[in-house]
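Working notes, beginning with the structure itself.
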Amino acid sequence: MTAYDRFLESHPEYVVTGVLDDLRAAQYSRLDAQDQVYLDYTGGGLHATSQVLEHAQMLSDQVLGNPHSASPSSMEMTRRVEQARAAVLAYFNATGEYTAIFTLNASAALKLVGESYPFAPGGKLLLTADNHNSVNGMREFARVKGVSASYAPLTRPELRIDPQAMDELLDQAAPAQANLLAFPAQSNFSGVKHPLELIARAQAKGWHVLLDAAAYVPTNPLDLRALTPDFVALSFYKMFGYPTGVGCLLVRNATLQTLRRPWFGGGTVNFATVQGRMHVLSKGEAGFEDGTLNYLGIPAVEIGLRHLQQVGMTTIQTRVNCLTEWLITQLLAIRHGNGRPMVRLYGPANMVMRGGTVTLNFYDPQGHLVDYRRVEELAGEARISLRTGCFCNPGAGESAENLSEEDMRAGIAQVGGEINLLRFSQAMQARGGKSAGAIRVSTGIASNWADVARFLAFVTGLKDQTALAIGTVSFDIESCRVVRDGG
C-alpha cells in the first residue's frame, strides 16, 4: 500500500474534493508547470487564472473613470463599485444589517475602528494574547484617550483563549462607557479557531465586538445573520489571491452611528470650508473611505467571491482539514535515530476547532533548535514556499514559547534597550533555548496531497542532522551580522 493509499484509507472524505484537482489543472496549472509547492495560504491566497482574465476583459471593454462624479465613465465605475459592495454584503449574509467599507486591507480596516471608536476614560479595551499586530496597535488609539488595554491569556500547549480568564475580564465592562473586545476568528499563528459564541456572550455583558476574520474566511463560511459582531475586518487577497490592495470593514449599522472620525479628507466629506473652519462628514461608508478608492480593482472582488461560491466552501474546508490532519500526524511521528522528536508543534495536535495553519520548529538529535531562517532558505531551494518569523502575532508566539514579561524585559535590556531582531533572538535562545520565531505552513484551495507529501519529504531529509550540519545561524554581537555555519 502506498503512502497515498494509506492517506485515503484514513481520510476517505478526501475523494469528494476531487473537483479541486480539476480546478488546479485548469486554473492553477502554473504550480505544476513551475514545479512549485505553495504552502503559504495564510500569508496570501492564490488567484485563479479565470479571475485575472475576466477582470482584464472588463478593463479592456469599459471606459472607467474616478467614481462619484456625474460623467459617463464615473457613473459606470460607481455602479460597478456599488455592485461589488452589494456582493460582499450578500456573500456574508449581511445585507440590510451591515455597512461594507472598502479599505486597503484588513490592517486599514482595523485602524479605522481604532481611531474612530469612542474610547473614553473608564472604558475598556480587551484583546487576546492571540492577535495580529494590527489589532494590538489599536491599544495606542485607546491609550491616547485614557484607556489601557487588557489581554486575555492563552492556555498551553493548545494556545486557546483561557475561558475562565476571559469571563472574568468580560465581567469588568464599564456600564456607562464604551467597551471593545477584539479577537481573531482563527489564529494566523496556530490555526486555532476561537469560539465564535464569545461574540454574543461579550455583547450581553456590555461589549462591542471586533472580529478579525482575515485568516478565517478563506476556508470557512461566515454568516452575519447567525453571528452579529459589531465589526468584521478582512482582506480579499487572503480569500482568493486577487486583487491585492482591497480589504473591507463590515460594521453593524447601529454601531456605525457611534464612531467618530478624528480626520477628514478627500471623498469623506460632503462639505468643507477653509475660511469657516468646519466640515460635514459624508454619511455611511463614504465618511470612512479615504481619498480615492482602488476603484479599478474593486470589481475583481465580486469575481473572486463568485469563484469561491462556484467551488464551494464546504469542498475547500474538507480538503484543507484532510491535508492538515494528515500533515500534523506525519510531522509528529518523525523521530531522529536516537528516538528524540524532530518537530515541535505549536497549537492543537488534532483538527478540533483548528484550521489549516500549522506552525512548528525543528530540533536536532541533541535537542538543539534549528534556525527557522535556515529552514526557509533550504525550503526555497527545494521550491517550497512557506513562511517563517513571528507572523505579526507576538502574543501567540510568546505564549507558545512560554515567554514571560520577565523574559521579554530581560531580552530588551540585554540588547541595550534598542530592539534588534537578531540580537533579541539570541537573547531568547540564551534563556532556555526559547525561540523568537517559527516555521509556518498552510494549505488552501489549490493544495493537494502531493504538496504536503513533498514538504514531509523535505522535513524527513533533515532528520538525524545536527543543527550545525544543517547550517545554523549565529550572531556577531559587535556588528550584529548574520553568520552562517555549515551547509
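For the chain, the residue among Leu234, Ala467, Ser71 whose Cα projects farthest onto the positive side of the dipole built from Cβ charges is Ser71.
Can you work out the PRE-style zone for Thr314? Point 7 Å along Cα to Cβ, and I want the residues of region 208-233 with backbone N under 17 Å. Output list for this probe position: 219-223.
What you get for region 54-309, charging only the Cβ of Lys and Arg (+1) and of Asp and Glu (-1), is a dipole of about 460 debye around the Cα centre. Share of Cα-Cα pairs in region 54-309 beyond 30 Å, in percent? Considering region 54-309, 29 percent of its Cα-Cα pairs are separated by more than 30 Å. Here the 3J(HN,Hα) profile of region 356-370, calculated from phi with Karplus coefficients 6.51, -1.76 and 1.60 at θ = phi - 60°, is x, 9, 10, 10, 7, 9, 9, 10, 7, x, 8, x, 7, 5, 8 Hz, Gly and Pro shown as x.
Between the Cα long axis of helix 405-414 and the first principal axis of the chain there is an angle of about 80°, rounded to the nearest 10. Close amide H pairs (under 5 Å, H built 1.01 Å from N) link Ala215 with Gln186, residues at least 5 positions away or on another chain.
Between Leu59 and Ala3, the distance separating the two model label sites (each 7 Å from Cα on the Cα→Cβ line) works out to 4.0 nm. With a threshold of 29 Å on the Cα-Cα distance, the over-threshold entries among Lys238/Lys463; Lys111/Lys283; Lys193/Lys283; Lys145/Lys205; Lys193/Lys463 are Lys238/Lys463; Lys193/Lys283; Lys193/Lys463. Per-residue extension of 0.36 nm, minus the Cα-Cα distance of Thr49 and Glu13, leaves a gain of 10.2 nm for this segment. Nearest 10 degrees is fine. How inclined is helix 72-91 to the longest principal axis of the chain, computing both from alpha carbons? Helix 72-91 sits roughly 60 degrees off the main axis of the chain.
Given that just one value was derived from the coordinates, which of [x] 153; [y] 176; [z] 395 is volume of the Cα convex hull per residue in Å³? Structure-derived value, by its label: [y]. Placing +1 on the Cβ of every Lys and Arg and -1 on the Cβ of every Asp and Glu, with nothing else charged, gives the chain a dipole about its Cα centre of roughly 660 debye.
Values in this text are rule-based calculations from the coordinates and carry no lab data. Worth saying up front: this structure is predicted, and the values here are computed from it rather than measured. Glycine also receives a Cβ, built like all others from the backbone with ideal geometry; neighbour counts cover every protein chain displayed.
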